[in-house]
Amino acid sequence: TAGMRAALYLLIPKNLTGPAPGIVALHDHGGFYLWGKEKLTRVDPVHPELQKFKDKAYGGRDIADELAGLGYVVVVPDMLHWGERGMFLADDPERIRNRTLAVTPDDIQQFNARSWAHEELLGRTALTVGTTWSGIISWDDQCAADYLCSRPEVDAGRVGCVGLSLGSIRSIFL
């Protein structure tokens, strides 16, 4: 919407010679909220706790990077309540707000617990303004797909999506 923007990564393969197929890559829930799109991409330096999560949930693979390496233009958005779009509070230390390497395992555990506990509040708040949380997520994913298709590097007739866990549900909706 005009008042809300979603953070995403756009991965463009090296040495493109023309429009390439595109993929919308959608991250999981995993009860791991501090990072979203970073679960599918390699952004150095990688926080050790994020790498542990990726090792467990994604076999240590950076799926979006691998797809870009195969010649796909890949868009990787943050889902509302994850990553840059997480529930950060004014009194959160800078290391948490900026998701730096100084974030401790305890910080992550507390952030995850707080985020989990507020999912119901997020859903109820969406209902009070006439929408649903899943509707917002679906709209955001559609906007990411529209953005991908608008890129000159992308053959809009050859676009798909991929997701794991909740990302697969998002793929079905998309």
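The values are calculated or read from the model by the stated rules, or taken from the named source; none is laboratory data. Quantities reported herein were computed from a predicted structural model and do not represent experimental measurements. Positions of Cβ are generated from backbone atoms using ideal geometry, with glycine treated the same way; all protein chains shown enter the neighbour counts. In case anyone asks, the SASA skips ligands and DNA or RNA and just uses the protein heavy atoms, side chains included. Shrake-Rupley method; radii C 1.70, N 1.55, O 1.52, S 1.80 Å.
Of the residues Leu34, Leu89, Leu11, which exhibits the maximal mean-square fluctuation in a Gaussian network model of the chain defined by a 10 Å Cα contact cut-off? Maximum fluctuation in the GNM of the chain, among the listed residues, is at Leu89.
If the chain linking Ser165 and Thr131 were pulled fully straight, counting 0.36 nm for each residue of separation and taking away their Cα-Cα distance, it would gain 9.9 nm. Working note: 222 nm ellipticity from helices only, DSSP H runs with n ≥ 4, each -39,500 (n - 2.57), summed and divided by the residues of the chain, gives -12000 deg cm²/dmol to the nearest 500.
The apolar share of the surface of the range 60-174, taken as the fraction of accessible area on carbon and sulfur atoms (1.4 Å probe, ligands and nucleic acids excluded), comes to 58 percent. Stokes-Einstein diffusion of the chain at 25 °C, 0.890 mPa s viscosity, Kirkwood radius from Cα pairs, rounded to a whole number: 146 µm²/s.
Here the range 79-107 is scanned for amide nitrogen atoms under 12 Å from the site 7 Å beyond the Cα of Ala117 along Cα-to-Cβ, giving none. Once the Cα atoms are used to define both axes, helix 119-128 deviates from the longest principal axis of the chain by about 80 degrees. Between Arg95 and Lys52, the C-beta separation translates, for a Förster distance of 25 Å, into a calculated FRET efficiency of about 0.90.
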